[in-house]
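The values are calculated or read from the model by the stated rules, or taken from the named source; none is laboratory data. For clarity, every value in this text was computed on a predicted model and none was experimentally measured. In this analysis, Cβ positions are derived from the backbone assuming ideal geometry, glycine residues included, and neighbour counts consider all displayed protein chains. We work out accessible area using only protein heavy atoms, side chains counted, and drop any ligands, DNA or RNA first. Shrake-Rupley method; radii C 1.70, N 1.55, O 1.52, S 1.80 Å.
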Number of protein chains: 2
Amino acid sequence: MKKRLSIEEYTNGIISGNRMILSRAITLIESNLQEDKQLAQDVLESILPNTGKAIRIGITGVPGVGKSTFIEIFGKHLTSLNKKIAILAIDPSSQLTKGSILGDKTRMEELAHEPLAYIRPSPTGASLGGVTYKTRETMLLCEAAGFEVVIIETVGVGQSETYVHGMVDFFLLLMLAGAGDELQGIKKGIMEMADLIAITKADSGNELQANLAKSEYESALHTFPPDGSGWFPEVVVCSATEKKGIAEIWELVEKHREMLSKNGKFVENRKNQNLAWMHDFIKQSLEQNFYTNSNVSTKIKDFQKVVSEGKKLPIHAGLELLEVFYNRKL
Amino acid sequence: MKKRLSIEEYTNGIISGNRMILSRAITLIESNLQEDKQLAQDVLESILPNTGKAIRIGITGVPGVGKSTFIEIFGKHLTSLNKKIAILAIDPSSQLTKGSILGDKTRMEELAHEPLAYIRPSPTGASLGGVTYKTRETMLLCEAAGFEVVIIETVGVGQSETYVHGMVDFFLLLMLAGAGDELQGIKKGIMEMADLIAITKADSGNELQANLAKSEYESALHTFPPDGSGWFPEVVVCSATEKKGIAEIWELVEKHREMLSKNGKFVENRKNQNLAWMHDFIKQSLEQNFYTNSNVSTKIKDFQKVVSEGKKLPIHAGLELLEVFYNRKL
């Protein structure tokens, strides 16, 4: 790794929009080295006043839905409107699929060359929890660097969607027009989080099927209770290759922001997300501190057999482990 | 509350099948009084060698599916086979619905009078987490008291199903034959956990619809990956009022147990459940210890505004709170 910069060098570099320094700051934040952690925290703290101004969009969809193609065209539409955009990926399955999202260097090639666009693939081998926290922080760095739209991409198959939904203003779900299995390919909980569903690949000749899917999803959305934001999720059809429906999607994002800014839900959502971030971090830290405690892990090994075989009550074993952790009687 | 008994009185009473003492022991375990906790633990520890011998069945379904009627008839079928059965309820929504499950005294009246059956309603106002841990412990007490089948009833709408699934050998989902909304009334994740789906109210005149629903659920089940137990979930139709399909359901429970006992998955599942119970307890305790710490809660109040407004980084606030909790620098 290159020499570390000073807090001021990172901060000034990021705020002036220097991408090389932005990238190095992200690498610093992703680092698991103990000596990087304090510096990373200081950098984040110092850029904090410059954050919060972007529209944060989560985009998800199952593999095969055409996510990269969509994001490339959607991103180019935004840069054509002179928007500075950053694209971040959360890929909990990267170890299995060997970098199915942005790790694949041949994808989004055109967008990658746009001067207004910044693409940051997810670090390889990162765990969901880890990447997620780092993704929130990376998002803040990108905002401080002046990006006006931050897109967070995730594969619509795992738990990462809930995390992404918890850090964005607008959640876009990409869906395929398919053969009757529309409601099965994606978990209902993910559909329930969507502010907008876009049926992809509605290319010429495929419109009928796409519009059929649109109606189906519209009725599916009606079965969910309203989320209290005042926004009712819509369904649109789009074609990335024919550039259809792309502008409309961006207009809906803006319309959503406008409505929620007026009724106060935009700010309220951000506030709740900040608090949830703190609590998530606490819960994760508590568990991590507990399970990495060497006395605890030794005793867990001792308990494994008796607890699993029902010879020791699990809650009693748990209580004894907590006493070891806190080093006192409970 | 009545005078507490001694450990020996509880233990001997439970093991000899004395229901009054069993009920008092359950009340002891459900107690939140500090002075009851140690005694409850001792009783549990002493009856532990007598536990584990029942078949544990979780039964769930949305309100209106006819759960009470089903359990009453199913229970009476079991008592007619000379089985001692205990029925426990998990009702996280009891505060809202004012005791929608077993709290309603007029339900399962016939079964309640069967000498071989024991029905224990869920305590009012209990939280999901609380009831759940108490339900596991109550289940052990019932096993020690000689019940051969323990049925745990839950409403199929919340999170409680995952917990129940984590403590039973067999998970039965009751579903209605309906008007096309079959797959929408219940979360897919719950269907995915089912070892058996029973379409209820397949009364005379309603068979066609019930069989239609059966086919639909059968194909829905085919979309889930196998759970590795070797068991493939089935769908049956039944009518509690006409006592159709009830014997078949019990035969499937026994067939399931036989298959999983032979291939070792029955024991493996129990072992995993015991370990998961320990870890769940640890996670819940860590959070509870943290959030009930008075220094922590004071500081959380201080941080609420700055964190929610994005003026303090959530992870830094979290870190400071953890330092307060552990009373040392991290």
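Things worth noting here:
- Residue satisfying all of: in the range B:244-257; open to solvent by 60 Å² or more (accessible area, probe 1.4 Å) and over 22 Å from the mean Cα position of the chain (by Cα); farthest from B:G58 (Cα to Cα) among these: B:K244
- Only one of the numbered conditions (1) free of Cβ contacts under 8 Å to residues at least 60 places away in the same chain; (2) more than 14 Å from chain B (Cβ to nearest Cβ) is violated by A:H256, and that is (1).
- Check on B:N274, under 30 Å from A:V306 (Cα atoms), within 11 Å of another protein chain (Cβ to nearest Cβ), part of a helix (DSSP H, G or I) and open to solvent by less than 40 Å² (accessible area, probe 1.4 Å): yes
- Candidate set from the range B:13-37 (those that are on the phi < 0 side of the Ramachandran plot and either part of a loop (DSSP other than H, G, I, E, B) or within 11 Å of chain A (Cβ to nearest Cβ) (or both)); member that is surrounded by the fewest Cβ atoms within 10 Å (Cβ to Cβ): B:N32
- Checking each residue in the range A:303-320 for being at the interface with another protein chain (Cβ under 7 Å from one of its Cβ atoms) and farther than 16 Å from B:T51 by Cα picks out A:A317, A:G318.
- Pairs with Cβ under 8 Å, 6+ apart, first in the range B:208-219 and more than 12 Å from B:P233 (Cβ to Cβ), second among the basic types (K, R) and surrounded by 15 or more Cβ atoms within 10 Å (Cβ to Cβ): B:A210/B:K201
- Residue count for the range B:104-122, restricted to those that are open to solvent by 40 Å² or more (accessible area, probe 1.4 Å) and modelled with pLDDT under 90: 10
- Qualifying residue in the range A:150-163 (condition: touching a helix residue (DSSP H, G or I) at 6+ places or on another chain (Cβ under 6 Å), part of a loop (DSSP other than H, G, I, E, B) and modelled with pLDDT of 95 or more): no
- Set side by side, the residues B:G52, B:G66 differ, and just one is modelled with pLDDT of 85 or more and under 23 Å from B:N18 (Cβ atoms), which is B:G52.
- Conditions (1) within 24 Å of B:L321 (Cβ to Cβ); (2) of a type in the set (A, V, I, L, M, F, W, C); (3) under 37 Å from the mean Cα position of the chain (by Cα): number failed by A:L330: (3)
- The one condition in (1) facing chain B (nearest Cβ under 9 Å); (2) under 22 Å from B:E309 (Cα atoms) that A:N269 fails to fulfil: (1)
- Filtering the range B:39-88 to residues that are among the acidic types (D, E) and buried (at least 17 other Cβ atoms within 10 Å of the Cβ) leaves only B:E72.
- Among the numbered conditions (1) within 11 Å of chain B (Cβ to nearest Cβ); (2) crowded, with 17+ Cβ neighbours inside 10 Å, the only one that A:E323 does not meet is (2).
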